[in-house]
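Encoded as structure tokens, here's the structure I'll be asking about.
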Amino acid sequence: MFHADASAAIIRDGEVVFAIAEERLNRVKHYAGFPSLAIKACLDAVGAKITDVDHVAVGQDSEANLAKKVRLRAVEPREDSEFYPAAPAQGSLARSAFVAYQGSGSRSQTLRFQEHHLEHHIAHIASAYYCSPWDKAAGFSYDGSGDFVSTMMARCEGSEIEVLARVFLPTRWAVSIP
């Protein structure tokens, strides 16, 4: 959510039951807002309400690669909020967004889900690997940017995703292998 190609998926007992991109419902190509229609479609597909949801995963983690972000801003300070760590309130990004989109009749205390923030490219790799028929695979994610990274390579085996390398932004910082 709040990134190009906003989408939603609903998972029950470790299996993807339904998934859809917001753009398929609102007809806005590469929609980057809150995927309210996609979430509704997922919930409708299983006959659930948002108050039935136990966990919400968001493919964005403002604390990921924080040392690189701080190092860049120490060397090249500028007013570019994309590179600064998000405010502490962002820890409840999904909960706040759900309440705002549900309107004044909603109360955040009725939302019982735990919120999980995953590094952007790990979320990409996981969404492909965990749905695949393979028990072992190479993971690769490449796009414009996400959590200060443009590319990630990983080893996927069983339920584990081990990050092997990242290409940080700006790209002159090149590849970092942990």
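The values are calculated or read from the model by the stated rules, or taken from the named source; none is laboratory data. Values in this document were obtained by computation on a predicted structure and should not be read as measured data. Please note: Cβ atoms are built from the backbone with ideal geometry, for glycine as well, and neighbour counts cover all protein chains shown. These accessible areas exclude ligands, DNA and RNA; they are computed on the full protein's heavy atoms, side chains included. Shrake-Rupley method; radii C 1.70, N 1.55, O 1.52, S 1.80 Å.
Which one is modelled with the lowest pLDDT, of the residues in segment 138-162 that are of a type in the set (A, V, I, L, M, F, W, C) and open to solvent by less than 30 Å² (accessible area, probe 1.4 Å)? Break it down into steps so the answer makes sense when it comes.
The initial filter retains those residues of segment 138-162 that are of a type in the set (A, V, I, L, M, F, W, C), namely 138, 140, 148-149, 152-154, 156, 161.
With open to solvent by less than 30 Å² (accessible area, probe 1.4 Å) added as a condition, the list becomes 148-149, 152, 154, 156.
Values: 148: 85, 149: 89, 152: 95, 154: 98, 156: 98.
Ranking the candidates gives 148 first.
Taking segment 16-44, which residues are over 18 Å from the mean Cα position of the chain (by Cα) and farther than 21 Å from residue 110 by Cα?
17, 24, 25, 26, 27, 28, 29
Okay, next question. How about segment 114-142: which of its residues are under 20 Å from residue 63 (Cβ atoms), touching a residue at least 40 places away in the same chain (Cβ under 8 Å) and of a type outside the set (Val, Ile, Thr)? Lay out the reasoning, then the answer.
Filtering segment 114-142 down to residues under 20 Å from residue 63 (Cβ atoms) leaves 114-126, 141.
With the extra rule that they be touching a residue at least 40 places away in the same chain (Cβ under 8 Å), the set shrinks to 114-124.
Residues satisfying the conditions are 114, 115, 116, 117, 118, 119, 120, 121, 123, 124.
Then there is this: What about residue 130, is it at pLDDT 80 or above, under 21 Å from residue 9 (Cα atoms), open to solvent by 30 Å² or more (accessible area, probe 1.4 Å) and within 21 Å of the chain's Cα centre (by Cα)?
Numbers: at pLDDT 80 or above: yes; under 21 Å from residue 9 (Cα atoms): yes; open to solvent by 30 Å² or more (accessible area, probe 1.4 Å): yes; within 21 Å of the chain's Cα centre (by Cα): yes.
In short, yes.
Take the residues in segment 163-173 that are assigned to a helix (DSSP H, G or I) and of a type outside the set (Ser, Thr, Tyr), then tell me which one is surrounded by the most Cβ atoms within 10 Å (Cβ to Cβ).
Step one: of segment 163-173, the residues assigned to a helix (DSSP H, G or I) are 171-173.
This time we only want the ones that are of a type outside the set (Ser, Thr, Tyr), so: 172-173.
Values: 172: 6, 173: 14.
Selected residue: 173.
How many of the residues in segment 27-56 are more than 14 Å from residue 3 (Cβ to Cβ), in contact (Cβ under 8 Å) with a residue 60 or more places away in the chain and not charged (D, E, K, R)?
Count: 6.
While we're looking at this one, here's another question. Looking at 104, 108, 92, can you tell me which residue is exposed (fewer than 14 other Cβ atoms within 10 Å of the Cβ), out of contact with any Lys or Arg (no Cβ under 7 Å at 6 or more places or on another chain) and modelled with pLDDT under 80? Working first, answer last.
Values: 108 fails: out of contact with any Lys or Arg (no Cβ under 7 Å at 6 or more places or on another chain); 92 fails: exposed (fewer than 14 other Cβ atoms within 10 Å of the Cβ).
Answer to the check: 104.
Can you name the residue in segment 1-53 that is aromatic (Phe, Trp, Tyr) and closer than 22 Å to residue 146 by Cβ and is also most open to solvent (accessible area, probe 1.4 Å) among such residues?
Step one: of segment 1-53, the residues aromatic (Phe, Trp, Tyr) are 2, 18, 31, 34.
This time we only want the ones that are closer than 22 Å to residue 146 by Cβ, so: 2, 31, 34.
Working: 2: 97, 31: 56, 34: 5 Å².
Step by step, filter segment 1-53, then rank; the result is 2.
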